[in-house]
Structure formats: structure tokens, C-alpha cells
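Notes follow once the structure below has been shown.
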Amino acid sequence: MIYKTLQVEVVGRVVLIRLNRPEALNALNAAMAEELARVVARFEPDEGVGCFVLTGSDKAFAAGADIKEMAPRTFIENLSEDYMASWDSAARLRKPVIAAVAGFALGGGCELAMQCDFIIAADNAKFGQPEIKLGVIPGLGATQRLTRAVGKAKAMELILSGRMMGAEEAERAGLVARVVPLAKLVEEAMKTAQAIAGMPTAALMSAKETVGRAFETPLAEGLRFERRVFQALFGTPDQREGMSAFMEKRTARFHESKAAE
Ligand code: CAA
């Protein structure tokens, strides 16, 4: 498939998606939302795919929603089209997705990274929610996801002031899983993604869904859900294979004949 705003590459069981609008620091426009949705629809059901990596360039993961495209919009248009609702492809992925962030991850860019399961950041990454300076507020999840990730005090400070924070601060705050040198960003993210993609698919998808419940349900409900999913996974061949392999002191074979098309 040909994409105007993305570069898509399948490496083993991992789909590497690069946001590719260098002329606008990968600003998120309508074409990109539509293409990202197409990539997800194309690859998520593929049994040969176990994990996604979403990245940008060395200079920018994404500098936010495309301000030039957004500026003339009206309230009525936004309401009737449910503006920004189509930017939920990464959040809807049921297989794991890692954001590999270098450079600017601002506004919708930071929010897109937060839609992923975790963020690996290059040491030059800069995160921020500068929407306040444009007379609006974040519209792609930051008031909720950033607050859950870093707590109220820091989320308020970032969203109310619009200031950027660097990779080290983002890691200390819990927004970022790991910081790596810029030159190693994609390599490290792909290595992590390949390791994840080698895990049994039903367990991966179940683990992801169950951790997600921690943000949506009371504790008792989440614990009950976890226990049921844990119990159900004993109905999968992968549980038989994983536990037999351990006892037989050999490597488990989970995906031997499944490669992405
Ligand atoms: N939308 C559209 N174009 C953008 C853009 C954006 N968000 N960010 C950068 N660009 C464009 C610039 O207009 C410029 O294009 P031209 O050369 O044609 O003028 C090109 O990308 C390079 O940008 P700069 O020259 O500004 O690069 P810089 O290195 O001097 O500055 C920057 C980098 C600090 C990131 C600066 O570009 C900037 O502040 N960008 C806007 C960041 C922002 O406000 N993001 C939030 C958007 S609103 C949002 O995302 C809402 C939401 O929650 C969904």
C-alpha cells in the first residue's frame, strides 16, 4: 500500500510505522489519521504481527495537530464531525504498540505517544501540551492520560503553562519507560518490540487489555477481571506449550509458521 504521510515497514513480527510529514514536523492532519487507521485495520488481524512501533523523525515525533489545517474550523463543524475522534487508531489497537519518540512530541503528538502502551524516548525528546498558547486545550487525551501518567500537579503545570519537559524529566515523572541515545532509538524500540512480538498472542492481548482495565474500573472489579482472564488462558495451546517448555528445559515454540504477509 502507498501512504502519503506514513512509511510502513514489516520486520519479522513487528510493524514499524513512521510518521512522515517532515515539512510540518509530522503535524497530525486528516490524511494521516485516515492512513493510520488503514494501517491498523490492515495489520492488526494478521497472525504474523505481534507488535507495532510508532515513530517519527530525529527532529520530531509530531509537533501536534496541524495548526494550519485546524485554524479555520468552527465549533459547529467540530461538533457535527466529532473533530479529533478519528485519532483513536493507536488507542484502539489490541496488540501492543510502542511509541519511539525523538525530538518534539507536542500537543496531539504527545497525546498520540500516550495512546501507545509505553514510550521509549531518545535523549533529545521534548514533551509538552502547548495548546493553551493557541487558546484551546488538549483534545486528544492529555487531560486524562497525562494526568494518570504523571499525577495532577505535573499535568496541571504542563497543561496550564504549555512548557516542554525533556526526556529525563519525563522518565522521572513516569511518562516514559526508558530513555536511550538518539542514535539507538529505533534499534532499541525494535529490539523490545521483537521480544514482545515473540510472546504468545492471546496472552499478550489479554495482558494489554487487563492492564488497561486498571484505568477504567475500581480495584475489586479489575482484580476479578484479571483472575478470570488468567484462568481462561489455561484454555490456550500456548499455556500448554509455555509450561511444558519450562519443565522440559527448552525454549517455547509459539509462532513457528506465522510470518506477516
Ligand atoms: N501544525 C502545522 N505546522 C507545523 C506545526 C503544527 N503543529 N508545528 C510545526 N509546523 C511547521 C511550521 O509551520 C514550519 O513550517 P513552515 O516552514 O512552512 O513555516 C515547519 O513545521 C517547521 O517548524 P518551525 O520553523 O516552527 O520549527 P522550529 O524548530 O523553529 O520550532 C516547534 C519547532 C517549537 C515545535 C514549533 O514548530 C511549534 O511550536 N509548533 C507548534 C507546536 C504546537 O503548538 N502544537 C500543538 C498543536 S494543537 C494540538 O495538538 C491540539 C490537540 O491536542 C489535538
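The values are calculated or read from the model by the stated rules, or taken from the named source; none is laboratory data. Quantities reported herein were computed from a predicted structural model and do not represent experimental measurements. All Cβ positions, glycine included, derive from the backbone under ideal geometry; neighbour counts span all protein chains shown. In case anyone asks, the SASA skips ligands and DNA or RNA and just uses the protein heavy atoms, side chains included. Shrake-Rupley method; radii C 1.70, N 1.55, O 1.52, S 1.80 Å.
Numbers below:
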item: Long-range neighbours under 8 Å by Cβ, at least six apart or interchain, first residue without any contact (Cβ under 8 Å) to a residue 12 or more places away in the chain within region 62-76, second open to solvent by 50 Å² or more (accessible area, probe 1.4 Å); result: Arg73/Tyr83
item: Matching residues, region 133-165, being loosely packed, with under 15 Cβ neighbours inside 10 Å and under 24 Å from Ala33 (Cα atoms); result: Lys133, Leu134, Gly135, Val136, Ile137, Gln144
item: Within region 120-156, tally of residues that are away from the ligand (no atom under 15 Å from the Cβ) and at positive phi; result: 1
item: Close pairs (6 angstrom Cβ cut-off, 6 or more residues apart or separate chains): of a type in the set (A, V, I, L, M) in region 136-164, within 14 Å of the ligand (Cβ to nearest atom) and in a loop (DSSP other than H, G, I, E, B) anywhere; result: Leu140/Met84; Leu140/Trp87; Ala142/Gln129; Leu158/Gln129; Ile159/Gln129
item: Residue list for region 6-39, restricted to those being open to solvent by less than 20 Å² (accessible area, probe 1.4 Å) and closer than 29 Å to Thr201 by Cα; result: Leu6, Val14, Val15, Leu16, Ile17, Leu19, Met32, Ala33, Glu35, Leu36, Val39
item: Within region 172-261, helices (runs of 4 or more DSSP H) holding 3 or more residues that are open to solvent by less than 40 Å² (accessible area, probe 1.4 Å) and modelled with pLDDT of 95 or more; result: 185-197, 201-213, 237-247
item: Residue in region 64-87 that is touching a Pro at 6+ places or on another chain (Cβ under 9 Å) and within 25 Å of Glu35 (Cβ to Cβ) present; result: yes
item: Failed item in (1) open to solvent by 30 Å² or more (accessible area, probe 1.4 Å); (2) under 18 Å from Leu19 (Cβ atoms); (3) within 15 Å of the ligand (Cβ to nearest atom); (4) among the acidic types (Asp, Glu), with Asp117 passing the rest; result: (3)
item: Given (1) in contact with a Gly (Cβ under 7 Å, 6 or more places away or on another chain); (2) assigned to a helix (DSSP H, G or I); (3) free of Cβ contacts under 8 Å to residues at least 60 places away in the same chain, number of the condition Met32 does not satisfy; result: (1)
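Listed here are the residues, each with its yes/no results for (1) aliphatic (A, V, I, L, M); (2) at pLDDT 95 or above; (3) farther than 27 Å from Gln194 by Cα.
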position	(1), (2), (3)
Val15	yes, yes, no
Asp58	no, yes, no
Ala71	yes, yes, yes
Trp87	no, yes, no
Val101	yes, yes, no
Gln115	no, yes, no
Ile119	yes, yes, no
